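Worksheet for the structure shown next.
Quick note: the coordinates plus some simple rules give every number you see, no bench work behind them. Since the model is a prediction, treat every value here as computed from it, not as a measurement. FYI the Cβ positions are ideal-geometry reconstructions off the backbone, even for glycines, and counts take in every protein chain you see.
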Amino acid sequence: QVQLEESGGGVVQPGGSLRLSCAASRIIFSISRMGWYRRAPGEQRELVATITGGGSTNYADSVKGRFTISRDNAKNTVYLQMNSLKPEDTAVYYCNVPILGTDYWGKGTLVTVSS
């Protein structure tokens with residue numbers, strides 16, 4: 001069974017930074033494409049960033065230049081470094097991995113950007 005566990009959320013002031021982590025278990029982590037998504041209050045879940053097993057990355061336009069996705073295959077962990085946070089980044093952030101046509105999700109971690 002695939003398990004994903006996010007951590008690192010919290011409350012931060014505008015302009016601040018947070019680093020999210022997602023620990024994955026029982027998957028072939030090194031060759032899996034991993035992703036971060038988010039759901040803001042009253043909105044649909046949206047893509048934030050993805051990273052392939054080879055390290056190629058993709059970002060939503062709204063976070064380009066501010067967020068960085070990375071992975072540590074030895075630790076089965078993917079990270080999302082978030083800088084220059086804005087109030088509109090407030091959301092529950094979810095880790096995702098698609099495997100053989102099935103999407104697996106973590107429970108999410110809440111990020112609140114507020115002064």
Query raised in the report: Around LEU85, which amide H atoms from residues at least 5 apart in sequence, or from another chain, sit under 5 Å from its own amide H, with H modelled in the peptide plane?
Result: GLY15, GLY16
Report task. For LYS75 and ARG19, calculate 0.36 nm times their separation in residues minus their Cα-Cα distance, and state this gained length in nm to one decimal. Result -> 18.6 nm
Query raised in the report: Which aspartates and glutamates have a Cα less than 19 Å from the Cα of LYS64, not counting those fewer than 8 places away in the same chain?
Result: GLU46, GLU88, ASP89
Requested in this report: Run the quick spin-label model on GLN44 and VAL11: label points 7 Å from Cα toward the beta carbon, then report their separation in nm to one decimal.
Outcome: 3.2 nm
Requested in this report: For the chain, with a Gaussian network of springs between Cα atoms less than 10 Å apart, report the residue from SER56, SER84, SER17 with the top mean-square fluctuation.
Outcome: SER56
**Report entry** Additional length obtainable on full extension of the chain from TYR104 to THR68, 0.36 nm per residue less Cα span
**Finding:** 10.8 nm
**Report entry** Cut-off of 10 Å, at most 12 other beta carbons, DSSP loop: longest stretch of the chain lacking such trypsin sites (Lys or Arg not before Pro)
**Finding:** 65-106
